[in-house]
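The values are calculated or read from the model by the stated rules, or taken from the named source; none is laboratory data. In this text, all values refer to a predicted model and were calculated from it rather than measured experimentally. For neighbour counting, all protein chains shown are included, and Cβ atoms are generated from backbone atoms with ideal geometry for every residue, glycine included. Accessible surface areas use protein heavy atoms only, side chains included; no ligands, DNA or RNA. Shrake-Rupley method; radii C 1.70, N 1.55, O 1.52, S 1.80 Å.
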Amino acid sequence: MATGDKYRAEHARSLKDPDGFWAEQAEKLDWSKRWDKVLDASRAPFYAWFTGGEMNACHNALDRHADGPRGSQAALVYDSPVTNTKKTFTYRELRDAVAQLAGAIAAQGVKKGDRVIVYMPMIPEAAMAMLACARLGAIHSVVFGGFAANELATRIDDSRPKLVLAASCGLEPGRIVHYKPLLDQAIEIAQHKVPKVILFQRPQAVATMKPGRDLDWVETVGAAEPHACVPVEATHPLYILYTSGTTGQPKGVVHDTGGYCVALYWSMKNLYGIEPGEMWWTASDVGWAVGHSYTVYGPLLYGATSILYEGKPVGTPDAGAFWRVISEYKAVALFTAPTAFRAIKKEDPDGKLLRSYDLASFRTLFLAGERGDPPTIQWAQTMLGVPIVDHWWQTETGWSICGNFQGLDPMPIKPGSCSVPAPGWDLHVLDDNGKPMKRGEVGALVARLPMPPGTFPTLWQAEQRFKEAYLSEFPGHYKTGDAGVIDADGYVSVMTRVDDVINVAGHRLSTGQIEEVLASHDAVAECACVGIADEMKGQVPLGFLVLKSGVSRPEGEIVREVVQMVRDKIGPVAFFKQALVVPRLPKTRSGKILRGTMQKIADGQPWKMPATIDDPAALEEVTGSLKSAGFAAKG
Ligand code: COA
Ligand code: AMP
């Protein structure tokens, strides 16, 4: 067979016969009740997979292996350079710990369908928390530790959890992040009152407990009885993961149980080329989509060993950290974001540190989360000498939309492209009027419905928002929110977002949300925020502030205050460090702020005076401010 034939045959079959294709994959998992329908279109455009079927994700990820020949195989390896700790859990040990934790959670009255928020750093207990919820059919919602109290409060109010599972702190290089005060503050701000908290005390920061509400993890779990897996419908939500929307109200992306497990299982072998028993490493926080699917669920469903790494690519202790982990555990693959490799390249451009490690086991590097820029891909290729696979992902999709399928027949890699659509993805490039564009032309990337299993069936208690945000602009299609191109060979390249989402060091943020914070400063009359290019982080936010008339305080002071406000309200992860005070914001005649033009000017890209501009002088003033602040500006 020629390269790509196997892939093309699988992809074609997945579109022609989705029922046959996905049923065959589903047979490989344990079901307590077989499905009635594979693809259920009875509520289109809300599609469902494996309706009538029942299973449990935790059973499939743990018990199935723990009670079989993989019982004494490592399931999870915890490696934490920030605490100098290493620990391995076999499938049996992990299952027993999770069953016990599930018992403790159930003892707090948590039942199937109840929500549980998990606010924890990269420690094994975070993965246990997710799996214990899955065991009970409770719906977990993990909140990334780099978010501030306000963001946590928004998620508490939207998901209304019966319980929060938290740790006392997270550890950033040189800094302890005290989670407990942030959690206390979030519960205080939230309208929904969280009845119980189970807190894992870390020795680096032992937190004060609130009597009557807070329970000590070790004591509570120690006193609990192990809990069995509760079978749930295939369509039952496994988790809610909040991601940036256009406003301060994040979108609660729901992932179901059956379809999600089936898709992840398929991907481990066919996309990632992994065999059960192999050592797999995803260096992404469990607070992000990639951490859910490929630190926790995917590798465990497949019977592989997953590395959970509490550290950074650089600084813990140096830019050789990733090579150390790969060689120490004989990892066969690593999945991370290009920004991590840019950080390593900056510190060790010639790969001197790489030479002290044996990377013989290492087969493939997978990159996602932002555009894999060709220089980074080429650098990684030169250093590692293995395929560097860029693949395209979203929180909403739960797994890859496009990739290069290492377990089928790997196709040639084109740096800058995320290769070809995954099974079930029928991708098209459309213009603003919904008309198909020619191969090679850039437009909106959309997927013809239905999307494959594993993708989000809806937003948490917001069906209307789901329809409006994703399905209404291009009827019959899912709007990915990304713009890109499909070339003559069918390779897809994702160029940019079409909305106000920006990608800062692989972290997804909304400029609209940052603007809401800027606008709440009492000296600010109007504001805008754009994502500007950054060599290391891909993009970073830049604010523009118009002050209220009569404000006479020094501009530098106001800028410092808004920077602190974004840190306090959204979190350090927003990386909002710069803002410019400008006399006016350039707008169209209909009043729309010309953010795209401002961003081009700041990045030194060519730009044209928009025909619809209301007052060209306003844009000239902004250009002047950008130039004097040291930003490039071409005409
Ligand atoms: N808890 C609390 N704070 C956190 C945090 C967490 N879990 N993660 C990051 N932060 C803080 C950082 O300490 C930093 O704070 P500072 O401004 O006070 O220094 C800020 O948020 C920005 O962090 P980050 O964007 O991670 O920048 P960095 O300079 O610390 O590290 C990289 C840069 C490239 C090493 C890092 O961003 C990285 O590894 N990115 C990979 C992203 C990823 O895995 N994405 C998932 C999709 S695959
Ligand atoms: P998140 O929901 O945080 O996973 O972010 C999803 C967004 O990240 C996508 O909509 C893209 O804009 C971007 N993204 C993810 N992977 C890639 C990739 N391989 N190439 C280009 N952009 C990507």
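Quick look at the numbers
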| item | result |
| --- | --- |
| Charge tally in the Cβ shell below 12 Å around Asp67, where Lys, Arg are +1 and Asp, Glu are -1, Asp67 excluded | +1 |
| Positive minus negative residues near Thr511 (Lys, Arg vs Asp, Glu; Cβ under 12 Å) | -1 |
| Accessible area expressed per residue, the chain, with surrounding protein chains retained (probe 1.4 Å, Å²) | 38 Å² |
| DSSP beta bridges in region 505-628 [antiparallel fraction, %, rounded to 5] | 75 percent |
| Accessible surface of region 505-628 [probe 1.4 Å, protein heavy atoms]: carbon and sulfur percent | 51 percent |
| Length-normalised contact order of the chain in % [C-alpha pairs under 8 Å, at least 6 apart] | 12 percent |
| Relative contact order computed over region 345-471 (Cα-Cα under 8 Å; 6+ residues apart), in percent | 17 percent |
| Net charge over other residues, Cβ less than 11 angstrom from the Cβ of Glu620 (K, R count +1; D, E count -1) | 0 |
| Extension reserve of the Asn433-Ile613 stretch, reckoned as 0.36 nm per residue once the Cα distance is removed | 62.5 nm |
| Flagged links, alpha-carbon separation over 25 Å, of Lys548/Lys627; Lys537/Lys569; Lys352/Lys537; Lys251/Lys548; Lys312/Lys577 | Lys251/Lys548 |
| Simple Cβ-charge dipole of the chain, Lys/Arg +1 and Asp/Glu -1, about Cα centre, in debye nearest 20 | 200 debye |
| Gln204 paired with Gln191, simple spin-label distance in nm, labels 7 Å along Cα-to-beta-carbon | 3.6 nm |
| Segment Thr246-Glu225, length gained on full extension (0.36 nm per residue, minus Cα span) | 3.2 nm |
| Considering only the chain, percent of DSSP beta bridges that pair antiparallel, nearest 5 | 60 percent |
| Label zone at Lys592 (point 7 Å along Cα-to-Cβ), backbone N below 14 Å, region 493-510 | 498-500 |
| Mean separation of Cα contacts under 8 Å (6+ apart) over length of region 152-229, as relative contact order % | 32 percent |
| Cut-off 12 Å, label 7 Å out along Cα→Cβ of Glu555, residues of region 603-624 by amide N | 621-624 |
| Spacing of the two label points (7 Å from each Cα toward its C-beta) at Ser472 and Leu15, in nm | 2.9 nm |
| Gain in span if fully extended, Ala41 to Glu441, counting 0.36 nm per residue against the direct Cα distance | 140.8 nm |
| Accessible surface of region 276-353 [probe 1.4 Å, protein heavy atoms]: carbon and sulfur percent | 56 percent |
| In region 104-196, GluC sites (Glu not before Pro) in a DSSP loop with at most 11 other beta-carbon atoms within 10 Å | none |
| Dipole-positive endmost among Ala617, Pro606, Gly543 within region 505-628 (Cβ charges, Cα centre) | Pro606 |
| Carbon/sulfur fraction of accessible area - region 157-249, other protein chains in place, 1.4 Å, % | 56 percent |
| Set of lysines with alpha-carbon distance to Lys16 below 28 Å, sequence-local pairs under 8 removed | Lys6, Lys28, Lys33, Lys37, Lys269, Lys414, Lys435, Lys438, Lys467, Lys479 |
